[in-house]
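The values are calculated or read from the model by the stated rules, or taken from the named source; none is laboratory data. This is a predicted model, so every value here is computed, not measured. Here Cβ is always computed from backbone atoms with ideal geometry, including for glycine, and neighbour counts include all displayed protein chains. Please note that ligands, DNA and RNA were not included when accessible areas were found on the heavy atoms of the full protein model with its side chains. Shrake-Rupley method; radii C 1.70, N 1.55, O 1.52, S 1.80 Å.
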Amino acid sequence: MTLLRLRLGPSAILALALFCVANAQAPTTATLQFGLPANGLRKLSISVGVLPDWTHEGPIAVNRAFGGATSIVGDYINVSPRQSSDAWFSQMEYHLPEILQVASGAVRPVYAPAIIYSDHLDTWTPAMTSGLAKAVAQVNKQGITVWLRLLFEMNGSWMPYGLQPDLLIQIWKDVTIAVRAETNQTFMLWSPNIWSGAVDDSKQGYTTFFPGEAYVDIAGLSYYSSGFNKSVNQPPSNNIFKTLFTPFYNLLNPTNLNSSSSNLLKLTAPIPIVISETSAPYYYELPSSSPYYNQAGDTGFSGALPNTSDYTPSLASPPYAHSDDELYIKASWFVQMTSNVTGAAFPNLIAVSLFNYFKRGGDEATPVLADFRVVGGNQTVEAWFRNDIGNQTAYDLGYTGGGGTMRVNGFVGAVAALVVAVALLLP
């Protein structure tokens, strides 16, 4: 006690104790729409989630870097008809303990698994439908809300199950029925990839893959600011988010539900929207001498991550303005998605999830390293995001990422800190 008196004056001691009370959150089940935690990371009206690279980091490490807990924890579940049935959705079970550890603290995040199927959809079986429904119900029984992002980016040719609308819609309906028979705490997240053409394009348009209002709880998009040719650093142009997002938003939130031209999906009510995964990756040239050169494009790293200081940023000639500034590229994209202007224009946009991966990008002609990360990579970028949506003070004081905002145990520790402070101030 004497040492503490010597280092801190009375006003400083009381201020620190009051800070602890204000910032040490008690566990709460208060939620927003569809189980979103009211006290998770948010930017104004928009909840913020993260898809961690589980190979190198889990949600605890991500939360620690932010100084606060994300509202959504994303995941990718790889399913193959060549797997044994007990392995189809075992990845959820494998990751659940860490999610529960996070949820044991002040914030109970939504779990958002994305189902990737490695084959043509005519090989999907009723047993898979049943197994998936039971798997998410098991997560729900642990007190965790699930957003099931089934067969996402189904309007893209890069997915093995892509561009198969008839089979997709039937499987989607079957899974939805099976899930709702098992639980009421899993919500169906229908999530195509961003599309710049007509919303009703017969090949890749959104309407072609929509299974019907009765089978969709939330609508989402994979939407990235990918730079030039997905390999050269280029900041997002002004209003590019709004330009491409507006057609999707208006489709799911028509201005006039009674108008056939406005309400193409014949909705009876607007559907809440999320950006299911997003980032503005920063690219590095990948020389043939690199050990990652022969790795396939769009793949993660199983071993140690590359040291970006060993690589040269990928720039155009002449470079785009600010293209050598990773923070500018990533922050300007995030601001476009989450600003007051965006919230006012798209009031039914409820969440954004950040894709926090480092991958081998590009193709054979233009191999690059693609750093999508906002935490765990560039420390200047991480610090900016922590100050913008996280808690720098909690980070500085040693927030662990798996519990409350502070190391102290919720209100118990905070009140204890206040009592000690008052005692120190007494004569």
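Below is a table of values for the structure above.
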read-out	value
Residue count for the stretch 286-331, restricted to those that are in contact with a Pro (Cβ under 9 Å, 6 or more places away or on another chain), closer than 19 Å to Trp384 by Cβ and either modelled with pLDDT under 95 or of a type in the set (Ser, Thr, Tyr) (or both)	2
Yes/no for Met154 being surrounded by 23 or more Cβ atoms within 10 Å (Cβ to Cβ) and part of a loop (DSSP other than H, G, I, E, B)	yes
In the stretch 293-319, the residues that are of a type in the set (Ser, Thr, Tyr), over 25 Å from the mean Cα position of the chain (by Cα) and under 24 Å from Glu364 (Cβ atoms)	Tyr293, Tyr311, Thr312, Ser314, Ser317
Residue ID - modelled with the lowest pLDDT, chosen from residues in the stretch 15-38 that are assigned to a loop (DSSP other than H, G, I, E, B) and buried (at least 21 other Cβ atoms within 10 Å of the Cβ)	Ala24
Residue count for the stretch 57-76, restricted to those that are crowded, with 24+ Cβ neighbours inside 10 Å and of a type in the set (Ser, Thr, Tyr)	2
Positions within the stretch 209-225 being open to solvent by 30 Å² or more (accessible area, probe 1.4 Å) and touching a residue at least 40 places away in the same chain (Cβ under 8 Å), in sequence order	Glu213, Tyr215, Asp217, Tyr224
Every residue from the stretch 351-385 that is surrounded by fewer than 20 Cβ atoms within 10 Å (Cβ to Cβ) and under 28 Å from Gly35 (Cα atoms)	Glu382, Trp384
Check on Pro247, part of a helix (DSSP H, G or I) and surrounded by fewer than 20 Cβ atoms within 10 Å (Cβ to Cβ)	yes
Failed item in (1) assigned to a loop (DSSP other than H, G, I, E, B); (2) in contact (Cβ under 8 Å) with a residue 24 or more places away in the chain, with Asn256 passing the rest	(2)
Some residue of the stretch 313-328 being more than 25 Å from Thr55 (Cα to Cα) and acidic (Asp, Glu)	yes
